[in-house]
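*Asks:* Can you keep this structure in mind? I'll have questions shortly.
Bear in mind these aren't lab numbers, they're just calculated from the coordinates by the rules spelled out. As the structure is a prediction and not an experimental result, all values here were calculated from the model. Please note: Cβ atoms are built from the backbone with ideal geometry, for glycine as well, and neighbour counts cover all protein chains shown.
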Amino acid sequence: MNLFFSFIIPVYNRPDEIGELLESFAEQTYAEPFEIVIVEDGSTIPAEQTIVDFMARHSQVKQRLTITYLKKPNSGPGNSRNFGMARAKGGYFIILDSDCILPPTYLAKVENSLREGFVHCYGGPDAAHASFSLVQKAINYAMTAVLTTGGIRGNKRLAKADNVGSGTLSYKGFQPRSFNMGLSKSAFEATGGFGNIHPGEDPDLTFRIWEKGYTTKLIPEAYVFHKRRIDWKKFFVQVKKFGMVRPILNLRFPKTSKMTYWFPTFFCLGFLLALVFYSIGIGLPLLLYSLYFVLIFIDSLLKNRSLAIALLSLVAVSIQFIGYGYGFLRSTLFTNFSGKKSEELFPQLFFKKVDADVKV
């Protein structure tokens with residue numbers, strides 16, 4: 001069990017985000033040495049000076065962390081993570097998005113959990129930092145609340161490792177997300193790392209990890225503050241893509257397909273049907289939808305202690321369901337009945353892999 005950690009962070013035109021993330025590394029209570037690998041994914045606004053400035057301000061951290069800075073042509077986050085892991089010095093990789101901030105005890109809690117129950121892949125939840133905007137906090141609620149499609153990220157019921165050995169492959173267990181994900185070097189080498197689909201590269205990797213007989217788990221206390229640098233329009237595009245990739249993954253890994261993935265689509269179609277019923281004097285279906293949104297409002301209000309965030313959460317959840325539901329339905333119809341490959345139907349969901357000489 002090699003727990004020398006290497007953080008792998010792809011970045012694309014986000015030097016300010018990297019600066020915030022690096023500052024949170026300086027505050028880690030973890031006392032052992034670790035490595036940070038930053039992969040510049042074809043950026044036109046590089047983060048190199050931000051890294052130099054950080055090291056100049058925090059010269060004392062050189063004793064416990066080193067930063068490896070790599071440059072490559074743009075090929076997407078999955079390929080960039082593979083690029084970084086192939087060149088990292090650690091035996092255990094921790095993959096973060098550049099728009100994350102770590103609480104001070106993050107790495108210490110990861111190590112404690114892995115020593116208590118080692119797995120070759122783990123995931124952690126995300127939370128909203130106090131400094132986030134109201135819209136960011138509302139989107140965070142939609143992406144993490146149990147009442148929405150995002151509850152899987154913080155579901156403690158799936159925290160235990162899923163036993164996929166002993167002959168019968170199990171497709172149950174926590175599916176880590178690549179904004180906060182740990183992966184052993186041996187699991188990386190066995191699977192080849194992330195594929196070229198995006199988004200969806202993280203469940204794709206998780207399913208291949210399970211196929212190799214490795215286990216996954218959630219570490220609930222290893223959360224990150226995930227900024228989600230998006231407005232309403234970008235959020236819609238993002239969740240629509242989430243919906244579009246799921247049928248593609250269902251075709252690749254049929255045993256992972258679940259009826260629950262249809263929920264946002266059925267929810268939206270049901271709402272339209274409820275409006276039809278209301279127009280002919282039958283109001284009960286629309287009343288049930290109203291009660292659901294009242295629950296969303298109350299739940300968000302209790303969690304965020306903000307009337308504004310609770311109201312914006314209604315918008316965020318509506319966008320989440322419409323975007324995901326539409327993307328899932330469209331992709332399901334095209335992937336199953338067009339006779340074409342997914343790469344032909346939705347080229348925007350796939351990056352071309354780029355082999356590049358490393359620049360440090």
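*Asks:* At a temperature of 10 °C and a viscosity of 1.306 mPa s, determine how fast the range 252-349 diffuses translationally according to Stokes-Einstein, using the Kirkwood radius over alpha-carbon pairs as Rh; express D in µm²/s, rounded to the nearest whole number.
*Replies:* 100
*Asks:* Please compute the Cα-Cα pair-distance distribution of the chain with 20 Å bins starting at 0, giving whole percents from short to long.
*Replies:* Answer for the chain: a P(r) of 28, 58, 13, 1 percent.
*Asks:* Over the Cα atoms, compute the radius of gyration (one decimal) and Dmax (the largest Cα-Cα distance, rounded to a whole number) for the range 243-302, in Å.
*Replies:* 15.7, 45
*Asks:* What length, rounded to one decimal in nm, is gained on full extension from Ile280 through to Gln60, with 0.36 nm per residue of separation minus their alpha-carbon distance?
*Replies:* 72.0 nm
*Asks:* About the Cα centre, and with charges only on the beta carbon of Lys, Arg (+1) and Asp, Glu (-1), how big is the dipole of the chain? Nearest 20 debye, please. If you can, show how the numbers build up before the last one.
*Replies:* On the way: 41 positive and 29 negative charges, 157 e Å.
Magnitude of the dipole: close to 760 debye.
*Asks:* Mind checking the angle between helix 307-337 and the chain's longest principal axis? C-alpha axes, 0 to 90 degrees, to the nearest 10.
*Replies:* With both axes taken from Cα atoms, the answer is about 90 degrees.
*Asks:* What 222 nm value per residue comes from the helices of the chain, counting each DSSP H run with n ≥ 4 as -39,500 (n - 2.57) and dividing by all residues, nearest 500 deg cm²/dmol?
*Replies:* -15000 deg cm²/dmol
*Asks:* Using alpha-carbon pairs under 8 Å, 6+ residues apart, how would you state the relative contact order of the range 200-345 in percent?
*Replies:* Working: 115 pairs, mean separation 53.7, N = 146.
Taking the mean separation of contacting Cα pairs over the length of the range 200-345, I get 37 percent.
*Asks:* Could you please rank Lys217, Lys109, placing first whichever residue has the fewest other Cβ atoms within 10 Å of its Cβ?
*Replies:* Exposure proxy ranking, most exposed first: Lys109, Lys217.
*Asks:* Still on this structure, I have one more. I'd like to know which of Ser318, Cys268, Thr332 lies farthest towards the positive end of the charge dipole of the range 252-349, counting +1 on Cβ of Lys and Arg and -1 on Cβ of Asp and Glu.
*Replies:* Farthest towards the positive pole: Thr332.
*Asks:* Here is a follow-up. Under a Cβ-Cβ cut-off of 12 Å, what is the net charge of the residues other than Glu111 that fall near it, where Lys and Arg count +1 and Asp and Glu count -1?
*Replies:* Around Glu111, the surrounding residues sum to -1.
*Asks:* Quick check: net charge around Ile8, other residues with Cβ under 10 Å of its Cβ, Lys/Arg +1 and Asp/Glu -1?
*Replies:* Once all neighbours under 10 Å are counted, the net charge is +1.
*Asks:* Let me ask something additional. Can you give the angle from 0 to 90° between the axis of helix 15-26 and the longest principal axis of the chain, with both taken from C-alpha atoms, to the nearest 10?
*Replies:* In the chain, helix 15-26 runs at an angle near 70 degrees to the longest axis.
*Asks:* Follow-up. What do you get for the angle between helix 77-87 and the principal long axis of the chain? Use alpha-carbon atoms, 0 to 90 degrees, nearest ten.
*Replies:* The two axes meet at around 20 degrees.
*Asks:* Ranked by Cβ crowding within 10 angstrom, fewest neighbours first, how are Glu20, Glu40 ordered? Walk me through the numbers on the way to the answer.
*Replies:* Working: Glu20 19, Glu40 24.
In increasing order of surrounding Cβ atoms, one gets Glu20, Glu40.
*Asks:* How large is the charge dipole for the range 252-349, taken about the Cα centre, if only the Cβ atoms of Lys, Arg (+1) and Asp, Glu (-1) carry charge, to the nearest 20 debye?
*Replies:* 300
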